[in-house]
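Here is the structure we will look at.
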Amino acid sequence: MTTDSPMAAPPRAAARAHELHKVYGAGLSAVRALDGVSVDLEAGRFTAIMGPSGSGKSTLMHCLAALDVPTSGTIEVDGTSLAGLHDKALTTLRRERIGFVFQAFNLIPTLTARENILLPLNLAGKKPDQEWYDTVIDAVGLRDRLGHRPSEMSGGQQQRVACARALVSKPSIVFADEPTGNLDSTSGAEVLAFLRRSVDEFGQTVVMVTHDAVAASYCDRVLFLADGKVVDEIHSPDREQILEHMTALQARVAGPGEPTAETA
Ligand code: ADP
């Protein structure tokens, strides 16, 4: 199917936000973390969310992942509106349709790699699809580490376990929060290559918050936030383009005459 065909279906959104506002606190101390964010996150793509510290990246990701509730606006995940879902339904949605990869890996120290990977499915009372499980294990290169506990693995291996855990339930969307923030560049590159491969070969959808221009250069699309708004986006970017956009954003946030933060 070509995208310029008149019959081509529009890309499906794995997650969609419309006019999201999030205000923390009230009165004089109120903080407007999101200020009217509307965005479609297309299925089968790798999207980065970037922006200066405090621009609303984590808040946006947490709202999209049903970990936080917006003050106003609507969110859909895989066609399901989050509005009105009560706690049990939200827990089920998070468990079955959303995968998470965190900066600090968040593995259970007493469980082996295999047990960590299968934990979300076990909690949901589900059996893994053996063929998919094998595909994921081989793709992350963990076949010979499955019996190891997190303390017996490097940071890069632990994060690959976390990636496998996120993917093994075939989620509609994977949210990765600074997944390479605790890794050296070689381990980070392995994790990013795996996330890229999960999109290209397995049709997964990945959304990643990152400060790192190299990490974002693995993505199909980079969204830039400033002051709670999406202010820019670029497609199939290289590192230099991303750094240019980040520098411009930092300058805009700092205002004229103030120093800009280092982004590289
Ligand atoms: P980023 O991830 O881009 O650094 P955040 O989404 O963490 O930005 O924060 C956006 C704004 O909202 C910041 O001003 C931050 O201080 C504020 N904020 C975030 N979480 C809370 C909270 N729980 N209570 C009060 N303010 C918050």
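Any idea which residue in the range 96-122 is nearest to L195 (Cα to Cα), counting only those that are crowded, with 20+ Cβ neighbours inside 10 Å and aliphatic (A, V, I, L, M)? Applying the filter and picking the extreme gives V101. If the condition is being outside any helix (DSSP H, G or I), among the small types (G, A, S) and touching a residue at least 24 places away in the same chain (Cβ under 8 Å), then the range 103-140 contributes A104, A124. All told, G51 falls short of being at positive phi, under 17 Å from the mean Cα position of the chain (by Cα), in contact (Cβ under 8 Å) with a residue 60 or more places away in the chain and more than 10 Å from the ligand (Cβ to nearest atom).
In the range 162-264, counting only helices (runs of 4 or more DSSP H) that sit wholly within it, the ones holding 2 or more residues that are out of contact with any helix residue (DSSP H, G or I) (no Cβ under 6 Å at 6 or more places or on another chain) and surrounded by fewer than 19 Cβ atoms within 10 Å (Cβ to Cβ) span 185-200, 239-254.
May I ask you to verify whether S5 is more than 16 Å from the ligand (Cβ to nearest atom), polar (S, T, N, Q), modelled with pLDDT of 95 or more and not in a helix (DSSP H, G or I)? Criteria not met by S5.
Take the residues of the range 15-38 that are touching a residue at least 60 places away in the same chain (Cβ under 8 Å) and buried (at least 21 other Cβ atoms within 10 Å of the Cβ): which is farthest from the ligand (Cβ to nearest atom)? If we take residues in the range 15-38 being touching a residue at least 60 places away in the same chain (Cβ under 8 Å) and buried (at least 21 other Cβ atoms within 10 Å of the Cβ), then A15 is farthest from the ligand (Cβ to nearest atom).
Checked against the criterion of being within 16 Å of the ligand (Cβ to nearest atom) and not aliphatic (A, V, I, L, M), the range 102-113 has at least one qualifying residue.
For the range 60-87, filtering for residues that are within 16 Å of the ligand (Cβ to nearest atom) and either assigned to a strand (DSSP E or B) or crowded, with 22+ Cβ neighbours inside 10 Å (or both) leaves 8. Suppose the filter is at pLDDT 95 or above and surrounded by 13 or more Cβ atoms within 10 Å (Cβ to Cβ); does L90 pass it? Answer is no for this residue.
The values are calculated or read from the model by the stated rules, or taken from the named source; none is laboratory data. What you see is a predicted model; the values in this text were computed from it and never measured. Methodologically, a virtual Cβ is constructed for each residue, glycine included, from the backbone with ideal geometry; neighbour enumeration extends over all protein chains shown.
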